[in-house]
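Working notes, beginning with the structure itself.
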2 protein chains.
Amino acid sequence: MIELQPVAIVRSPRTDRRDDDWGAVESTIELDERFAPQALDGIEAFSHLEIVFLLHAINESEVETTARHPRNNPEWPKVGIFAQRGARRPNRIGVSRCELVRREGRTLVVRGLDANDGSPVLDIKPYMREFGPRGDVRQPPWADEVMSRYY
Amino acid sequence: MIELQPVAIVRSPRTDRRDDDWGAVESTIELDERFAPQALDGIEAFSHLEIVFLLHAINESEVETTARHPRNNPEWPKVGIFAQRGARRPNRIGVSRCELVRREGRTLVVRGLDANDGSPVLDIKPYMREFGPRGDVRQPPWADEVMSRYY
């Protein structure tokens, strides 16, 4: 077992389990007080962050370990839990990119972070262009459909 | 504290702590046997994966909690540990994109994964185009330099 301690917490107007429309959501990431504000120094030079967080609204009993229809939609193929980004996944880890609006001390104001209020943050990373996928991205049609209203 | 259990392990020819030249490295991700192979069904439809792993070669005593020069290079500015992607970070979590070469049962053959041999994998996600950063990416000059030989 690996023990991790949250480094920050998300404060967001989003408290429900709605899946879509994250693009305009403005939220904050509050760095834990055990860290000096210096742990964020220089982050303003980046336009985007990559946030690793716990999907804490999911109960462990809800975790899927084999395959399911994304969003339980029978029109989409049944795919493995590691071949989709559903929240009911082992370890319940979310990873996503968001825009950094501004920093105020230990607080990061961000736009488009798909994490509900109270989500424990496991890591904050600056997004660097070169860390994007190398080469053309290919994905199945169901993924295009799932994502069409996400942001 | 949050307890996580690795879902897979990385097998890689890279065993040292060298920072660069990851682009051509071919490695495998071996799904833990507690999962049925079905947990990966459909993953072949994606060209790229997003892997969350533990930077297990870092000792907890090496973790930086405030600010440091990236790669200890005094020519680059001293920036907070959450404003850089150095491995010596709280929770020691790595996140990166790699190319999926092929799948064989519980094994994923990947290219360009910057994880050393033996790295515990915390999550495997398919990369979807829409999860990339929205809007233009801005980053400081030191980040361009750090990344120039990374892949």
Inset, instruction - Would you mention how many residues in the stretch B:102-131 are within 10 Å of chain A (Cβ to nearest Cβ) and touching a His at 6+ places or on another chain (Cβ under 7 Å)? - result: 2
Legend entry - Matching residues, the stretch A:120-151, being within 13 Å of A:Ser96 (Cα to Cα) and either touching a Pro at 6+ places or on another chain (Cβ under 8 Å) or of a type in the set (Gly, Ala, Ser) (or both): A:Val121, A:Leu122, A:Asp123, A:Tyr127, A:Gly132
Inset, instruction - Determine which single condition A:Phe35 fails, assuming it passes every other condition in (1) surrounded by 21 or more Cβ atoms within 10 Å (Cβ to Cβ); (2) at the interface with another protein chain (Cβ under 7 Å from one of its Cβ atoms); (3) of a type outside the set (Ser, Thr, Tyr); (4) touching a residue at least 40 places away in the same chain (Cβ under 8 Å). - result: (1)
Inset, instruction - Could you please give the count of residues in the stretch A:80-97 that are more than 7 Å from every other protein chain (Cβ to nearest Cβ) and of a type in the set (Gly, Ala, Ser)? - result: 3
Inset, instruction - Would you check if A:Ile29 is within 30 Å of B:Ser47 (Cα to Cα), out of contact with any helix residue (DSSP H, G or I) (no Cβ under 9 Å at 6 or more places or on another chain) and β-branched (Val, Ile, Thr)? - result: no
Inset, instruction - Considering every residue within the stretch B:29-38, establish whether at least one is among the acidic types (Asp, Glu), in contact with a strand residue (DSSP E or B) (Cβ under 7 Å, 6 or more places away or on another chain) and within 21 Å of B:Gly105 (Cβ to Cβ). - result: yes
Inset, instruction - Give the residue that is surrounded by the fewest Cβ atoms within 10 Å (Cβ to Cβ), with candidates limited to residues of the stretch B:41-89 that are more than 19 Å from the chain's Cα centre (by Cα) and part of a helix (DSSP H, G or I). - result: B:Ser61
Inset, instruction - Please give the number of the condition A:Arg102 fails out of (1) in a strand (DSSP E or B); (2) under 18 Å from the mean Cα position of the chain (by Cα). - result: (2)
Legend entry - Cross-chain or 6+ apart pairs with Cβ under 7 Å, the stretch B:1-20 first and facing chain A (nearest Cβ under 9 Å), then charged (D, E, K, R) and crowded, with 17+ Cβ neighbours inside 10 Å: B:Val7/B:Asp123
Legend entry - Hits in the stretch B:1-32 - residues which are of a type in the set (A, V, I, L, M), surrounded by 14 or more Cβ atoms within 10 Å (Cβ to Cβ) and either in a strand (DSSP E or B) or over 15 Å from the mean Cα position of the chain (by Cα) (or both): B:Ile2, B:Leu4, B:Ala8, B:Ile9, B:Val10, B:Ile29, B:Leu31
Legend entry - Flag if A:Arg134 is closer than 29 Å to B:Glu44 by Cα, more than 7 Å from chain B (Cβ to nearest Cβ) and among the basic types (Lys, Arg): no
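Every read-out reported here was derived from the displayed coordinates using simple, explicitly stated rules and does not represent laboratory data. Keep in mind that this is a model prediction, so the values were computed, not measured. Note: ideal-geometry Cβ built from the backbone for every residue, glycine included; neighbour counts use all protein chains shown.
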